[in-house]
Amino acid sequence: MTDTRNVTSEDNSEKMGAKPSVTRLWDLVRFVKPYKWQFVGASIALVIASTSLLLIGQAVRLLLDHGFSAGSENLSQYFIGLMVVVVGLAFASFGRYYLVSWIGERVISDIRTAVFSHILKLNPAFFEVTRTGEVLSRLTTDTTLIQTVIGSSVSVALRNVLSFVGGMALLVYTSPKLAGLVLLVVPCILIPIIVFGRRVRKLSTINQDSIARVSARADETLRSIQTSQAYTHEDIDRKSFSADVEESFGIAVKRIRARAWLTAIVILLIFGAIDFVLWSGATDVVDGNMSPGVLASFVFYAIVVAGSMGSLSEIWGELQRAAGASERLIELLKEEPAIASPENPEMMPQSLSGGLEFSAVNFHYPSRSDMPALNDFNLSVKAGETVAIVGPSGAGKTTVFQLLLRFYDPQSGQINISGVDISKTDPSSVRSLMGLVPQDAVIFADTAMNNIRYGRPDASDDEVKAAAKAAAAYDFIEEMPRGFESLFGERGMTLSGGQKQRIAIARAILRDPEILLLDEATSALDAESEHLVQTALENLLQGRTTLVIAHRLATVLNADRIVVLDKGRVVTQGTHEQLMKEDGLYAKLANLQFDVNREAMKV
């Protein structure tokens, strides 16, 4: 824990030194472009609303200087004119708020979709160094911040900019002398906005990162809640989560303090300046150098300008926070997949005729660059052949599957399918040939029907049920309250380990792949279910190229060939009988893992 927090502090220090820039928000303009007409409409409404607000000051001036003095017969027209301006302001504000809010909701939906779609393109190597909880934080918390800016803050900021510029122009028009006094204090107001605004942005970025760590911690713990409770680890998990929350709170307090000081200083300077200017104006009215209407309109515009400046200081803080969130999202969108399709990918064959071949493959995982997972690995598998892969833990068995699925590419060497180098093809075309049954079955929080249909989304209900029968899953699904429409719960919490495995096998059967990858598909089954599934698998394996990571003797005996791995290399291969006679690594593994005598009696 200590080491992690030290690293976090160093990262935060580096970010504190990074150059801040609200221009990061311009990276999101491409998401707004498709809705240019809505943006134009919002801009028109914004201009009308700002103009109407400024016209109120002139209406007040005319009312005071001419309406009262002109006599009661003309008084009504000035109030009617003022009401017309107010009505225009109200309707323009409605249009601005509706259109801007609509754009904000629409754009943030597009951003979330774009980010999620991009994440699905990233390879497992990215998730080796990035926690899922952090990605989810960017997808939710960061996008919510940006939604606030696009759907509200930007519009309010533009309105206040227009009000400020228009108000200043009318201040000069109304009283150049008093306007000059106002302009003297503007630089004094802008300096703290810029200085404190930069600090707010830095702290906002760090705060978002800390929130992401909180989300990652919660996600990791909740996904492993049974393990946490089984090992009575709850108190330690609470302390770890609390520490992350307190760190986030501490950073948030610094950000809030900076924003609070910014607001206080701006208010002090603005209203202090107004007090001084009003004193000067009141003196001119008393001396007869200025009419009451002029002073009233000047006060109105001064309030508009002051309000705009104060609001801009608040909005600047929000823009700084959103800039930090935008930076994190753009960083995610710019993350390039480690495995990408070439510009002119070679076509994969529709049917597997030439088998599989690994030639002098060397590979290490990005997070373990000094530890080779496969070392000068060579393996040929004929079309239709079933090959069992055995070896001690860490020998590279799972890595063979990872490379074949193009989750990673080897650092050197070549992998061919029917003579086609898979590194020169589209990864999707390679994976479309394969069906995977992992040892830890993945079950989604959906119905039984949709969980099996995941293997082939266009499959009919009858085909799904046929696959369930072949995987010995039909009976237990039908016994559920809603049959195939029953929900399995998050990560299949309502199923036993054996039931999960049979759903995963049904999914692979439905896919009907050319290449079948089995990570010991029967490892979680009881004896009765294993017999049923083993029969289903035997039917599924016929005429299909299959690689099996084997942990049970029955799987090994049914294979056409056994390949023994150790330290990322093929050390020997052959049939069970041949390898047992060698009395080497395989014989040792067989005696330790398979319990040869007992298992052989079963067979």
The listed residue being modelled with pLDDT of 85 or more and over 24 Å from THR555 (Cα atoms), out of GLN414, GLN402: GLN414
Selected residue [under 22 Å from HIS551 (Cβ atoms), assigned to a loop (DSSP other than H, G, I, E, B) and in contact (Cβ under 8 Å) with a residue 24 or more places away in the chain] from PRO392, PRO349, PRO372, PRO337: PRO392
Scope segment 225-249; condition open to solvent by 80 Å² or more (accessible area, probe 1.4 Å) and closer than 24 Å to ARG198 by Cβ; matching residues: PHE249
Tally of residues being touching a residue at least 12 places away in the same chain (Cβ under 8 Å), open to solvent by 50 Å² or more (accessible area, probe 1.4 Å) and more than 19 Å from SER496 (Cβ to Cβ) across segment 446-465: 5
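How many of the residues in segment 352-363 are of a type in the set (Val, Ile, Thr) and either assigned to a loop (DSSP other than H, G, I, E, B) or over 35 Å from the mean Cα position of the chain (by Cα) (or both)?
So the answer is 0.
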Search result, residues across segment 341-360 that are within 15 Å of LEU405 (Cβ to Cβ) and surrounded by fewer than 17 Cβ atoms within 10 Å (Cβ to Cβ): SER341
Candidates SER367, SER380, filtered to the one that is part of a helix (DSSP H, G or I) and surrounded by fewer than 18 Cβ atoms within 10 Å (Cβ to Cβ): SER367
Any chance GLY307 is modelled with pLDDT under 75 and open to solvent by 10 Å² or more (accessible area, probe 1.4 Å): yes
Matching helices (runs of 4 or more DSSP H) fully within segment 417-526 where at least 1 residues are at pLDDT below 80: 497-511
Criterion: at pLDDT below 60, open to solvent by 80 Å² or more (accessible area, probe 1.4 Å) and either out of contact with any His (no Cβ under 7 Å at 6 or more places or on another chain) or part of a helix (DSSP H, G or I) (or both) - qualifying residue of LYS36, LYS19, LYS15: LYS19
Test: residue in segment 262-277 that is of a type in the set (S, T, N, Q) and either open to solvent by 20 Å² or more (accessible area, probe 1.4 Å) or within 51 Å of the chain's Cα centre (by Cα) (or both): yes
Residue among VAL556, VAL533, VAL570 that is at pLDDT 70 or above and assigned to a helix (DSSP H, G or I): VAL556
Among the residues listed as ALA252, ALA296, ALA258, the single one being open to solvent by less than 40 Å² (accessible area, probe 1.4 Å), modelled with pLDDT of 75 or more and in contact with a Lys or Arg (Cβ under 6 Å, 6 or more places away or on another chain): ALA258
Subset tally (residues that are among the aliphatic types (A, V, I, L, M) and surrounded by fewer than 20 Cβ atoms within 10 Å (Cβ to Cβ)) for segment 389-417: 1
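The values are calculated or read from the model by the stated rules, or taken from the named source; none is laboratory data. Every value quoted in this text rests on a predicted model; they were computed, and no experiment measured them. Cβ: placed from backbone, ideal geometry, glycine included. Neighbour counts: every protein chain shown. The accessibility values were calculated without ligands, DNA or RNA, using every heavy atom of the protein model including side chains. Shrake-Rupley method; radii C 1.70, N 1.55, O 1.52, S 1.80 Å.
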